[in-house]
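A.B. asks: Starting off with a structure, shown below.
The values are calculated or read from the model by the stated rules, or taken from the named source; none is laboratory data. Not measured: the values here are computed from a predicted model. Don't worry about glycine lacking a Cβ; one is built from the backbone with ideal geometry, like all the others, and counts go over all protein chains shown. Keep in mind that these areas ignore ligands, DNA and RNA; they rest on the heavy atoms of the full protein, side chains included. Shrake-Rupley method; radii C 1.70, N 1.55, O 1.52, S 1.80 Å.
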Amino acid sequence: MNENLKWAKTPGNYDSLNLALIYPSNNKYGIPNVPRIELEGFKPPKDLIAYGNKNKGSDNALHFFEDDYKFEPVWNRPIKTLDKIKKYEMVLSPDFSLFTNYPRVIQIWNIYRNRWCDCYWSEKGIKVIPTVTWGDEESFDFCFLGIPKHSVVAISGMGSKKKSTKEAYKLGFIEMLKVLEPKALIIYGGLNSELEEYINIPTFRYKTYWEKRAEETKKALPLH
């Protein structure tokens, strides 16, 4: 007898892996294929607002370039969090981390979750910009999967300036441009200046929360 028949209703954590929705995939890992965002007619958002600082207005876009625990609910409770996401006309797909000390299977899983959320939100009528993230060179086998060529994509530039990640970031950045051939980049945080020579497409650049805070503090200081 199927044990499910004994339930008065489906347990809340019955589908904790979100397997009720399996999206089309053309790769060996089953990482979902996300919609392309065309550059023609694309209107960049006024600003990028972190998921942890929601409710800032629909003319801004929602981003997830922050600690994973702050936005884990979008994966664990996608239905419950959907109304919060839908307040924005545009969102970036979640930037689940690809730290190089993570087991490879976890890194692949985080790419899967990124693309799954993209597909789920797109299915609900939300405009989702694919967020591209990478780790070391071994991650190139899977970290770009599911994102179509010639799309507008989003990246964080923060890793490009850190001494510990600077070289790996550069390699991934160059590989991303080669593999995806994006039509435009949404860039959160400044890029290392040596990467500018590789960019020959439109870019839409946004300051980080801390960069904006630093500017506000500087403006508030009394003149001597």
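A.B. asks: Roughly to the nearest percent, how much of the accessible area of the stretch 146-194 is carbon and sulfur, given a 1.4 Å probe?
C.D. replies: In the stretch 146-194, the share of accessible area belonging to carbon and sulfur is 55 percent.
A.B. asks: Expressed as an acute angle from 0 to 90° and rounded to the nearest 10, what is the orientation of the C-alpha long axis of helix 166-180 relative to the principal long axis of the chain?
C.D. replies: 70 degrees
A.B. asks: 222 nm [θ] for the chain, helices only, -39500 (n - 2.57) per DSSP H run of 4+, per residue, to 500?
C.D. replies: Theoretical 222 nm ellipticity from helices: -8500 deg cm²/dmol.
A.B. asks: Hey, which aspartates and glutamates would be in cross-link range of Lys212, C-alpha to C-alpha under 15 Å, not counting anything within fewer than 8 residues on its own chain?
C.D. replies: Within the straight-line cut-off, Lys212 pairs with Asp47.
A.B. asks: Efficiency by 1/(1 + (r/R0)^6): what FRET value for Glu40 and Tyr14, r their Cβ-Cβ distance, R0 = 35 Å, to the nearest 0.05?
C.D. replies: 0.25
A.B. asks: If you take the charge dipole of the stretch 79-224 about its Cα centre, with +1 on Lys and Arg Cβ and -1 on Asp and Glu Cβ, which of Cys117, Ala168, Leu82 is farthest toward its positive end?
C.D. replies: About the Cα centre, the residue reaching furthest to the positive side is Leu82.
A.B. asks: Given R₀ = 35 Å, FRET efficiency for Glu196-Lys87 by Cβ-Cβ distance, to 0.05?
C.D. replies: Once rounded, the FRET efficiency stands at 0.55.
A.B. asks: Moving on. Under the definition of Cα pairs under 8 Å and six or more residues apart, what whole-number percent is the relative contact order of the chain?
C.D. replies: With pairs under 8 Å counted, the relative contact order is 17 percent.
A.B. asks: Can you match mean projected area of the Cα convex hull in nm² to one of these, [x] 12.5; [y] 16.0; [z] 19.9, based on a calculation from the structure here?
C.D. replies: Correct label, based on the coordinates given: [y].
A.B. asks: List the pairs from Lys84/Lys219; Lys87/Lys166; Lys84/Lys170; Lys28/Lys124; Lys183/Lys219 whose alpha-carbon separation is above 28 Å, in the order I gave them.
C.D. replies: Over 28 Å Cα-Cα: Lys84/Lys219; Lys87/Lys166; Lys84/Lys170; Lys183/Lys219.
A.B. asks: Right, here's the next one. Using R₀ = 35 Å, calculate the FRET efficiency as 1/(1 + (r/R₀)^6) where r is the Cβ-Cβ separation of Lys212 and Ser164; round to 0.05.
C.D. replies: 0.90
A.B. asks: Give me the percent of accessible area attributable to carbon and sulfur for the stretch 89-132, probe 1.4 angstrom.
C.D. replies: Its accessible area is 56 percent carbon and sulfur atoms.
A.B. asks: Let me ask you something else. What number comes out for accessible area per residue over the chain if the probe is 1.4 Å? Units Å², please.
C.D. replies: Counting only protein heavy atoms, the per-residue value for the chain is 57 Å².
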